Amino acid sequence: MAFNRASNPLTYTTLNVGHERQILDEFERRLIPDLNHEDNGWRAPRTPEELDIYYELFAVTAAQDLFIVQSTALGFGVTEDADLHLLLTRQIADDGRHASYMRESVQALTGRDPIDEIQRNVKRQWEIVGDLPRQGFLGWMAFEIEYELYAVPEIVVALRTQKIIDPRLVEWGPEGGADEAFHREFITAWWRRYLSQRTPSVRQEIVGRMLEYDREYRERKASYYRNLIDRMASLGAWNYEQVKVITDSWHRELRDYLFSQPGLSSNHTTAQE
């Protein structure tokens, strides 16, 4: 069941789905103005080639969600914050359900259970960046920011434009569904509140270290992201160059927001600050 944020008593951040959509739409209009915006609809994969690509692509996507589940669990050992722990239980349940749903989608459409391919790709994720979320609280938080916030254009924009897809996945919506939107909201607000409670000197030190992790994650994952978007493009999504120009701008926007001095250089405010 999708999470009903309207019934949630906690308000997290003004950086919500509506704001995200405005940012992404503005980037699209400004950075790729010649793009054909006509909605040509979508359909399920049909040909053997399409089914093979779909099998591979969504096995990788399910593996990424499973990797997120495994890495998110590390958060219980790097912070004692009960508020964050409760939120992480929700994130783990959501992403585990998403991975299972993608596995079921692939099996239903292709007749093949992708579990071995999922396991292989989870192992690959750990090989690429698996040491980083194990490097204490900041390495782990940088993982959360990378996989839940920075990855929005790589995954969401591509899915938003993909023409060949399981119709059931379309129901998630262009921003990845209410679950993923909630994850982005609570991580953003929790992190901004955390920074606002540090002294200026400590905050400066934390931000400097987080920017190092930021670069490390992005550099290590660059090839992985390119391969993923190329496969999505083969099913009708925007190509890598189109997604990357938006991704780079999105990354700069979120980086400035997340690592600015709260209340000083940011135009955004969080509900809990």
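The values are calculated or read from the model by the stated rules, or taken from the named source; none is laboratory data. Predicted model only: the values in this text are computed from it and were never measured. Cβ: placed from backbone, ideal geometry, glycine included. Neighbour counts: every protein chain shown. The area values use the complete protein model at the heavy-atom level, side chains included, leaving out ligands, DNA and RNA. Shrake-Rupley method; radii C 1.70, N 1.55, O 1.52, S 1.80 Å.
Check whether at least one residue in region 117-131 is open to solvent by 70 Å² or more (accessible area, probe 1.4 Å) and part of a loop (DSSP other than H, G, I, E, B), and report yes or no.
No, that holds for no residue.
Which residue, of Glu56, Glu49, is open to solvent by 20 Å² or more (accessible area, probe 1.4 Å), touching a residue at least 12 places away in the same chain (Cβ under 8 Å), among the acidic types (Asp, Glu) and under 28 Å from Ala222 (Cβ atoms)?
Just one listed residue meets the conditions, Glu56.
Limited to region 242-258, what total is found for residues that are modelled with pLDDT of 85 or more and open to solvent by 20 Å² or more (accessible area, probe 1.4 Å)?
8
Suppose we keep only residues that are without any contact (Cβ under 8 Å) to a residue 24 or more places away in the chain and surrounded by 13 or more Cβ atoms within 10 Å (Cβ to Cβ) within region 66-80. Which one would you say is nearest to the chain's Cα centre (by Cα)?
Here the residue is Ala73.
Scan region 103-116 for residues that are assigned to a loop (DSSP other than H, G, I, E, B) and either over 10 Å from Ala62 (Cα atoms) or free of Cβ contacts under 8 Å to residues at least 12 places away in the same chain (or both) and report the count.
3
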